[in-house]
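Trainee: Sharing a structure, written as structure tokens. Questions coming.
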Amino acid sequence: MRAGSFAGLVLLLTAAAASAQPYPRSDVPRRGSIELGGSVTWSLGYDAGDRDATETPNSSTGAPPLTLFTTTSTVKDAIGADARVGVFVSNRVSVEGLFQYSRPVLEASIADDFENAAPIVASDQLSIYTFGGSVLYHFGSGGVVPFVAGGAGYMRQVHEGNSDVLTGTEFHGGGGLEIWMGEGARRFGLRIDAQVSSRDKSIAFEDKRRIVPVLGFGASYLF
């Protein structure tokens with residue numbers, strides 16, 4: 001529910017800005033223009049699933065498995081960073097390469113212990129690396145430029161101490177705003193964007209596709 005509301009709000013704001021913003025005529029960016037940038041990111045967490053630790057009894061008794069304890073896990077929200085390089089193939093369309101890094105925490109709550117031990121919370125520091133690419137469409141070339149983007153990437157997710165590694169693919173889509181300072185061929189700007197990342201594999205007790213919203217705020221340089 002939170003992911004769907006997040007994505008809907010981003011697309012609504014982008015569309016509204018695109019329809020309302022008057023754009024002056026400009027030949028920048030043009031085909032071959034390059035945009036370099038980086039952002040601070042905020043990735044929303046997700047439910048990582050539940051798992052019971054059980055002990056199989058002697059098969060001759062016919063008794064059900066004995067539950068030793070239950071585990072409920074969550075991957076927390078995380079602050080991260082990304083770096084981008086884009087090339088404009090026209091004055092409205094650019095192709096962008098992306099590297100993103102974040103360090104969320106996996107928390108597991110252990111309860112209902114068979115021996116009545118007190119509930120505890122265990123944590124594991126994760127490192128997530130994303131290498132990907134996107135196609136962007138920019139609604140104009142003025143000082144405030146809304147855009148939409150979509151693409152795919154490769155993810156490498158590492159447990160604390162490099163104890164385990166999980167790799168997979170992700171697809172992302174979203175939009176945002178670029179606020180440029182000046183009108184020359186070389187200019188600095190601010191960038192605000194929000195995406196929804198659909199991941200085929202995530203560190204969790206349940207093996208299923210997960211939707212993770214990601215918000216970014218950073219700077220860009222166009223030349």
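The values are calculated or read from the model by the stated rules, or taken from the named source; none is laboratory data. Everything numeric here is computed off the predicted structure, so don't read it as measured data. Using ideal geometry, Cβ is built from the backbone for each residue, glycine included, and neighbour counts are taken over all protein chains shown.
Trainee: Can you tell me which residues in segment 188-202 are surrounded by 20 or more Cβ atoms within 10 Å (Cβ to Cβ) and farther than 11 Å from Gly37 by Cα? Steps first, please.
Mentor: Pass one, segment 188-202, residues surrounded by 20 or more Cβ atoms within 10 Å (Cβ to Cβ): 189, 191, 193-197, 199, 202.
Across segment 188-202, the qualifying residues are Asp193, Ala194, Gln195, Val196, Ser197, Arg199, Ser202.
Trainee: Something else about it: Of the numbered conditions (1) free of Cβ contacts under 8 Å to residues at least 60 places away in the same chain; (2) part of a loop (DSSP other than H, G, I, E, B); (3) under 13 Å from the mean Cα position of the chain (by Cα), Ser202 fails exactly one; give the number of that condition.
Mentor: Among (1) free of Cβ contacts under 8 Å to residues at least 60 places away in the same chain; (2) part of a loop (DSSP other than H, G, I, E, B); (3) under 13 Å from the mean Cα position of the chain (by Cα), the lone unmet condition for Ser202 is (1).
Trainee: Another question about this same structure. What pairs come up if the first residue lies in segment 206-223 and is aromatic (Phe, Trp, Tyr), the second is in a strand (DSSP E or B), and their beta carbons are under 6 Å apart, counting only those six or more places apart or on different chains?
Mentor: Phe217/Ser39; Phe217/Val40; Phe217/Ile192; Tyr221/Leu36; Tyr221/Phe188; Phe223/Ile34
Trainee: Continuing with this model, one more query. Can you find even one residue in segment 146-162 that is part of a loop (DSSP other than H, G, I, E, B) and surrounded by 14 or more Cβ atoms within 10 Å (Cβ to Cβ)? Lay out the reasoning, then the answer.
Mentor: Initially, segment 146-162 is screened for residues part of a loop (DSSP other than H, G, I, E, B), giving 159.
The next check asks that each one be surrounded by 14 or more Cβ atoms within 10 Å (Cβ to Cβ); those that pass are 159.
Yes; the residues of segment 146-162 include at least one that is part of a loop (DSSP other than H, G, I, E, B) and surrounded by 14 or more Cβ atoms within 10 Å (Cβ to Cβ).
Trainee: Is one or more of the residues making up segment 167-177 β-branched (Val, Ile, Thr), over 13 Å from the mean Cα position of the chain (by Cα), farther than 15 Å from Ala194 by Cα and surrounded by 15 or more Cβ atoms within 10 Å (Cβ to Cβ)?
Mentor: Taking segment 167-177 first, the residues β-branched (Val, Ile, Thr) are 167, 169.
Retained after the next criterion (residues that are over 13 Å from the mean Cα position of the chain (by Cα)): 167.
Next cut, farther than 15 Å from Ala194 by Cα only: 167.
So of that shortlist, the ones also surrounded by 15 or more Cβ atoms within 10 Å (Cβ to Cβ) come out as none.
No, that holds for no residue.
Trainee: Where the second residue is charged (D, E, K, R) and modelled with pLDDT of 95 or more and the first is over 28 Å from Glu206 (Cα atoms) and surrounded by 19 or more Cβ atoms within 10 Å (Cβ to Cβ) and lies in segment 75-87, which pairs have Cβ atoms under 6 Å and are six or more apart or on separate chains?
Mentor: Close Cβ pairs satisfying both conditions: Arg84/Glu96; Gly86/Glu35; Gly86/Glu96.
Trainee: Name every residue in segment 173-199 that is charged (D, E, K, R), touching an Asp or Glu at 6+ places or on another chain (Cβ under 7 Å) and in contact (Cβ under 8 Å) with a residue 60 or more places away in the chain, in order of residue number.
Mentor: Step one: list which residues in segment 173-199 are charged (D, E, K, R), which gives 178, 183, 186-187, 191, 193, 199.
Still in the running and touching an Asp or Glu at 6+ places or on another chain (Cβ under 7 Å): 191, 199.
Within segment 173-199, just Arg191 meets the criteria.
Trainee: Continuing with this model, one more query. Please go through segment 20-53 and give me each residue that is exposed (fewer than 14 other Cβ atoms within 10 Å of the Cβ), at pLDDT below 60 and farther than 30 Å from Gly86 by Cα, ordered by number.
Mentor: Asp52
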